[in-house]
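Undergrad: The structure is given below, and queries will be raised subsequently.
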Amino acid sequence: MKKRSGGNRVIVIGELNIDAVASGLLELPKLGGEIVASEFHLTLGSSSAIFACGVAKLGHEVMFIAKVGSDYFGRFCRSALREAGVSTRHVSRDKQLKTGVTISLSTRKDRALVTYPGAIAAMGPEYIKRSWLKGQDHLHMTSYFLQTRLQSSFPQIFRDARKLGLTTSFDPNSDPAHRWSDSIREVFAYTDLLFLNEYEALRLTRTLNARAALKALSHEVPCAVIKLGARGAMAVKDGEITSASGFKVKPVDTTGAGDSFAAGFISTHLRGGAIAECLRLGNACGALSTLEAGGTAGQPTRPALKRFLGAHGPAEHLS
């Protein structure tokens, strides 16, 4: 089936958890020691949810599929998604499970994460109906290594999405076990846009730098993007590498910045933007997200994004 272009409807299938964010750390803690945080927030977490909120704030209709426990954290997650404009009618609740939690320890430059998977690891393919993909324009999935029951179904979900005319994007995130199994490449076969940070890209491709990693990835996916944090981002499409510098901001918390970047990139891509524009708007969304604690509080609406871009160089056209 021919893929639609310019679509507004995005479906996100993934993990859902709370983020407990300790920010303003001068350094990361060491075992046996103690450090002090300047701020602490309990907020909506998970790569999938942060992306979903980011792309919803940019004007897209977003449907979220996930599993949580029937507990306070589960109710908190569902409420936060709805507040951002994300549909939660397909977020299932299980009385026998606890909702996942990620502890985020954030300095001004980076962060470390400790995750209790809870219900994340319990969601399997039986919670996803193929019919829910119909009428959608784009599928985004993340956290391949955390979703242990769903992991083997990723290729089939992406294959079904492609058959139904959706474009697809995949941000696998890091492998906590550090194995980086080649089974992930079965997902690449049905991925239109692949997002990785620099560390992930080098581990997956066994290369020494981002440019070499992009060249290797160009043989596996139509478009691969490597997020470089404050340095910006690089992408390869049709064999051509494009890079864009990051924006100079004073970050409060970098939690979820990469997912906000992906939201900005994909929103621009779905509206027909060129790769350079996708990178620039992605970088802007990532930068803005770091100005507030947690992954979603700083995410921009389209008017806010336009104002930011106008204040940081030539005005961008946002259709």
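Undergrad: For segment 119-274, take the convex hull of the Cα atoms, compute a quarter of its surface area, and give me that in nm², please. Each step should come with its number before you reach the end.
TA: Numbers: hull surface 39.9 nm².
One quarter of the hull surface, i.e. the mean projection, equals 10.0 nm².
Undergrad: Per 0.36 nm of contour for each residue apart, how much would the distance between Phe76 and Thr148 grow if the chain were fully extended, relative to their Cα-Cα spacing?
TA: Roughly 23.6 nm would be gained on extension.
Undergrad: What percent antiparallel are the DSSP beta bridges of segment 74-201, to the nearest 5? Before the final figure, lay out the partial values.
TA: On the way: 6 of 13 bridges.
If I count the DSSP bridges inside segment 74-201, around 45 percent turn out antiparallel.
Undergrad: Next up: Gain in length, Lys248 to Glu34, computed as 0.36 nm per residue apart minus the alpha-carbon separation, to one decimal in nm?
TA: Values: separation 214, 0.36 × 214 = 77.04 nm, distance 3.07 nm.
Here the segment from Lys248 to Glu34 would lengthen by 74.0 nm.
Undergrad: When only the heavy atoms of the protein chains count and the probe is 1.4 Å, how do Val36, Val236 rank by accessible area, highest first?
TA: So the residues, ranked largest to smallest area, are Val36, Val236.
Undergrad: Same structure, new question: Could you please state, rounded to a whole Å, how far the C-alpha centre of segment 188-235 is from the C-alpha centre of segment 1-68?
TA: The two parts, judged by their Cα centres, are 21 Å apart.
Undergrad: Please give the length that would be gained between Ile241 and Arg307 if that part of the chain were fully extended, namely 0.36 nm times their separation in residues minus their C-alpha to C-alpha distance (nm, one decimal).
TA: Values: separation 66, 0.36 × 66 = 23.76 nm, distance 2.80 nm.
The Ile241-Arg307 span can extend by a further 21.0 nm.
Undergrad: Continuing with this model, one more query. List the trypsin sites (Lys or Arg not before Pro) within segment 224-319 that DSSP assigns to loop and that have no more than 15 neighbouring Cβ atoms inside 10 Å. If you can, show how the numbers build up before the last one.
TA: Numbers: sites: Lys227, Arg231, Lys237, Lys248, Arg271, Arg280, Lys306, Arg307; in loops: Lys248, Arg271.
Passing sites in segment 224-319 are Lys248.
Undergrad: For the chain, what is the percent of antiparallel DSSP beta bridges, rounded to the nearest 5?
TA: Taking every DSSP beta bridge with both residues in the chain, the antiparallel ones total about 40 percent.
Undergrad: How many Å² of accessible area per residue for the chain, probe 1.4 Å? Intermediate values should be presented prior to the final figure.
TA: Working: 14160 Å² over 319 residues.
Heavy-atom accessible area per residue stands at 44 Å².
Undergrad: Springs between alpha-carbon atoms under 10 Å, Gaussian network over the chain: tell me which of Ile13, Ile184, Ile50 tops the mean-square fluctuations.
TA: Judging by the Gaussian network model, the answer is Ile184.
Undergrad: Out of Gly273, Gly135, Gly256, any idea which swings most in a Gaussian network model of the chain, alpha carbons joined below 10 Å?
TA: Gly135
Undergrad: Run the quick spin-label model on Tyr199 and Val114: label points 7 Å from Cα toward the beta carbon, then report their separation in nm to one decimal.
TA: Placing both labels 7 Å beyond Cα along the Cβ direction yields 1.6 nm.
Undergrad: Now for a separate question. If R₀ is 22 angstrom, what is the calculated FRET efficiency for the pair Glu126 and Lys163, using the beta carbon separation as r and rounding to 0.05? Before the final figure, lay out the partial values.
TA: Details: r = 20 Å, r/R0 = 0.91.
Efficiency computed from Cβ-Cβ geometry: 0.65.
Undergrad: Show me the GluC sites (Glu not before Pro) within segment 21-99 that DSSP assigns to loop and that have at most 13 other Cβ atoms within 10 Å of their Cβ. Before the final figure, lay out the partial values.
TA: Values: sites: Glu27, Glu34, Glu39, Glu61, Glu83; in loops: Glu27, Glu34.
Answer by residue number: Glu27, Glu34.
Undergrad: In the chain, carbon and sulfur make up what percent of the accessible area (probe 1.4 Å)?
TA: Here carbon and sulfur together make up 53 percent of the probe-accessible area.
The values are calculated or read from the model by the stated rules, or taken from the named source; none is laboratory data. Please read all numbers here as calculations on a predicted model, not as lab measurements. All Cβ positions, even for glycine, are placed from backbone atoms using ideal geometry, and neighbour counts span all protein chains on display. All accessible areas refer to the heavy atoms of the entire protein, side chains included, with ligands and DNA or RNA removed. Shrake-Rupley method; radii C 1.70, N 1.55, O 1.52, S 1.80 Å.
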